[in-house]
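A short write-up of the structure that comes next.
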Amino acid sequence: MATADEESPAARSLAARHHEPTQVEVVYALPDRQRVVTLDLPVEGLTAAQAVERSGLLREFPQIAQQPLVLGIFGAVCAPDHALRAGDRVEILRPLQHDPRDVRRARAAASSPRRMRRR
């Protein structure tokens, strides 16, 4: 049996409909630490941006406000005005430091000698 931390989003949503407290999580991760804040979902609902504001993470990590806010729900990018459902996990996404395609190309070029192309 899965623990509460291992449940899928669908299972958490189903549990929320069965009179369990309706909550959402707001997450911000750095390379060396992750911060998760659990919020009660009010009856009138919340948007992703409202959940981030209420989480206090913008005050705790002021660097978040220095760039445009990019949010996701379970890894899928969403608009700040996206209406949340019970069990959603709002992720504050950080910009990529390097384009993964460029890094992969540079690593491939540095690790292998040029191969002759067949025509």
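Residues in the range 83-93 that are assigned to a strand (DSSP E or B) and closer than 14 Å to V27 by Cβ: R89, V90, E91, I92, L93. I want to confirm something. Restricting to the range 21-46 and keeping residues that are part of a loop (DSSP other than H, G, I, E, B), out of contact with any helix residue (DSSP H, G or I) (no Cβ under 9 Å at 6 or more places or on another chain) and at negative phi, which single residue is modelled with the lowest pLDDT? Out of the qualifying residues, it is P21.
In the condition set (1) surrounded by 11 or more Cβ atoms within 10 Å (Cβ to Cβ); (2) not in a helix (DSSP H, G or I), R105 is compliant with all but (2).
Each residue in the range 47-82 was checked for being out of contact with any Pro (no Cβ under 8 Å at 6 or more places or on another chain), assigned to a strand (DSSP E or B) and either among the hydroxyl-bearing types (S, T, Y) or touching a residue at least 12 places away in the same chain (Cβ under 8 Å) (or both), and 4 of them qualify. None of L46, L71, L58 is closer than 20 Å to T22 by Cα, hydrophobic (A, V, I, L, M, F, W, C) and surrounded by 16 or more Cβ atoms within 10 Å (Cβ to Cβ) except L46.
The values are calculated or read from the model by the stated rules, or taken from the named source; none is laboratory data. The shown structure was predicted, so the numbers you read here are calculated from the model rather than taken from an experiment. Cβ coordinates were reconstructed from backbone atoms using ideal geometry, including for glycine residues, and neighbour counts include every protein chain displayed.
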